[in-house]
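Quick note: the coordinates plus some simple rules give every number you see, no bench work behind them. Computed from a predicted model, the values in this text were never measured in an experiment. Glycine also receives a Cβ, built like all others from the backbone with ideal geometry; neighbour counts cover every protein chain displayed.
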């Protein structure tokens, strides 16, 4: 499972889930087969981490959610404050405090018939909040993951905008399947010009001669952890560049890592069947891991 490898927690079988403000135990939490999210993947989503009672980088995540909804012409029917209240109500009823992952989904709502036109709709948008006790495997942060270049690319914004968290995830799923066929944990996806874009479920960085490189961001999600790592580099005098580069620069990189909300920063120790940084976590990756952990702790007071 790569960066998304987690420890199974039996408490998740009975957690409370919010659907349009109502709370249901997980076995009873259901949406209609006529919901636009189910029928068409028509909606947006966001993920949050609860660390010692704090929703880390909450404003960043809400900004991204509202922006994504605007991009697809979906009007979220409640305010940001009301959304936070719903998230908090789910956290509180589950008595959650730490090592919690929250998935928030907003679909366009109910359809009177299976038809793609977004104005053919028969209800307000559906809002689902799913909390889970979900702790990342800490060994992955040390041992790292393998990645492989996949044949599935990230497309242009006028095809399916890769910069937003759309419910329609087929592009990423296809990349994940190709990576699995090639024996890797994650797939490195290129953009239409043959430059490195992102991985199928994380953001990708390389380190060359003390410099950190990542893609321009034109063909990948506006990653919040990605953005925090770039900021940490700048604040700690680590040269960092958002730029176009090809897989040849990946092959000859000194080290590499990926980032994401769930696992933070994870080193890459194998690329296309060849070891990176001797098959071990590189020193800059380790330094940025520690800086990111300190940043998380500063958000929650410890």
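Look at the Cα gyration tensor of region 78-234: its axes a ≥ b ≥ c give a/c of at least 1.5 with a/b at or below b/c, and that counts as oblate.
According to the Cα-based calculation, Rg over Rh for the chain is 0.97, with Rh computed by the Kirkwood formula. Of all DSSP-defined beta bridges confined to region 140-295, some 70% are antiparallel rather than parallel. Residues within the reach of a label modelled at residue 24 (point 7 angstrom out along Cα to beta-carbon, backbone nitrogen below 14 Å), restricted to region 115-139, are 126-131.
For region 232-302, what is the relative contact order in percent, using Cα pairs closer than 8 Å and at least 6 residues apart in sequence? Averaging sequence separation for qualifying contacts and normalising by length gives 26 percent for region 232-302. Mind running the shape call on region 117-185? Use the C-alpha gyration tensor, a ≥ b ≥ c as the square roots of the eigenvalues: rounded below 1.5 for a/c, prolate if a/b tops b/c, oblate otherwise. In terms of gyration-tensor shape, oblate. Protection proxy ranking for 161-167, 136-142, using the average of other Cβ atoms within 10 Å per residue and placing the highest first: 161-167, 136-142. In a fully extended conformation the segment linking residue 227 and residue 297 would gain 23.5 nm over its present Cα-Cα distance, using 0.36 nm per residue. Let me know the shape class of region 1-75, please: from the alpha-carbon gyration tensor, a ≥ b ≥ c as square roots of the eigenvalues, rounded when a/c is under 1.5, otherwise prolate if a/b is greater than b/c, or oblate. Taking the square roots of the gyration eigenvalues as a ≥ b ≥ c, region 1-75 is oblate. Distance between the C-alpha centres of region 17-84 and region 106-182: 14 Å, rounded to the whole angstrom. In terms of other Cβ atoms within 10 Å, 33, 106, 71 run from fewest to most in the order 33, 71, 106.
Region 220-246 and region 202-219 have Cα centres spaced 7 Å apart. With contacts taken as Cα pairs under 8 Å at a separation of at least 6 residues, region 140-300 carries a relative contact order of 26 percent. Think of it as helices only: each DSSP H run of n ≥ 4 in the chain is worth -39500 (n - 2.57), and spread over all residues that comes to -8500 deg cm²/dmol at 222 nm.
Counting every other Cβ atom within 10 Å of each residue's Cβ, 214, 126 order from fewest to most as 126, 214. Helix 283-300 and the long axis of the chain differ in direction by around 30°, with both axes built from C-alpha atoms.
Between the Cα long axis of helix 80-93 and the first principal axis of the chain there is an angle of about 90°, rounded to the nearest 10.
Of the peptides 144-154, 169-179, the order by per-residue mean of other Cβ atoms within 10 Å, starting with the highest, comes out as 144-154, 169-179.
As I understand it, the value is the acute angle between the Cα axis of helix 170-181 and the longest principal axis of the Cα atoms of the chain; what does it come to in degrees, rounded to 10? Rounded to the nearest ten degrees, it is 50.
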